[in-house]
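The values are calculated or read from the model by the stated rules, or taken from the named source; none is laboratory data. Because the structure is predicted, anything quoted here is derived from the model rather than measured. Here Cβ is always computed from backbone atoms with ideal geometry, including for glycine, and neighbour counts include all displayed protein chains.
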Amino acid sequence: MTTVKTNKETLTRKKMLDALEKLLITKNIEEIAVQDITKKADVGKGSFYRYFSNPSEAHQILISKKEAECWEKMLQYYSCISIGTFSQKIMKMAINLTAYVNSTLSFRGVVGENASWYEYFSEADSSDPDNRQFIEDLYNYAKTAGISQEQARMNVHLLLTNTVRYVSKAINDHYPLTFEETRAFVRRTSGQLFPEKSSGKTFRS
């Protein structure tokens, strides 16, 4: 009985988060009321308050979920790049991110321009082989470049968030970016944050 109840509760919570995700494609979170979510999810209004205090709290949960999904896809892409310096690989990773933001309407609706991946560099994530490889490469770069691990993590955060904001602004302004424009922006930004060093060290996946 407990398992059945738990599964039902999990499904109800998921239905409301899915409903909010769909609403965020066309509305800002400030425009969405509890009844909008429960109506779209086809659940009672009282169910909402069993899981969330307000729509903004549910939105924050969705943001974390979408950022985690995006980070996982970026790591998978990074691990497929067989050779290159860390600077070259993370530039390709950021370019891949521009394609993801362009093609994923729900990510833009839920996360918008306020993406943040700084928290994903915790040592707890080192159990994942792709993340472990990325962190190892990042910290090797930091040592070669003579910067702290914290600064290296922050530079990754800045590169990726600035990339998201660049693409999101263009979309919101109805300005279609060409591949050459996005590549030039990413190359310039990554070059400032992750300049090539004389060691020429490469990182293999």
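Some observations on this one:
- Evaluation of T26 against (1) outside any loop (DSSP other than H, G, I, E, B); (2) over 15 Å from the mean Cα position of the chain (by Cα); (3) surrounded by fewer than 16 Cβ atoms within 10 Å (Cβ to Cβ) (one fails), failing number: (1)
- Matching entry among G44, G84 (being over 30 Å from A145 (Cα atoms) and out of contact with any Leu (no Cβ under 6 Å at 6 or more places or on another chain)): G44
- Taken together, E57, E67, E31 contain a single residue that is loosely packed, with under 15 Cβ neighbours inside 10 Å, under 26 Å from D173 (Cα atoms), at pLDDT 90 or above and not small (G, A, S), which is E31.
- Here the range 84-107 is the region considered, the condition is being modelled with pLDDT of 90 or more and outside any helix (DSSP H, G or I), and the residue that is surrounded by the most Cβ atoms within 10 Å (Cβ to Cβ) is T85.
- Counted residues, the range 169-186 - those being part of a helix (DSSP H, G or I), among the polar types (S, T, N, Q) and over 16 Å from V111 (Cα atoms): 1
- Test: residue in the range 159-168 that is assigned to a helix (DSSP H, G or I) and farther than 18 Å from L193 by Cα: yes
- Just one of the listed residues (E30, E57, E119) is charged (D, E, K, R) and in the same structural domain as Y141 (by TED's automatic domain parsing), namely E119.
- Contact map, the range 127-148: first residue closer than 19 Å to P195 by Cβ, second residue of a type in the set (S, T, N, Q), Cβ cut-off under 6 Å, separation 6 or more or different chains; pairs are Y139/Q149; A142/Q149; T144/S199.
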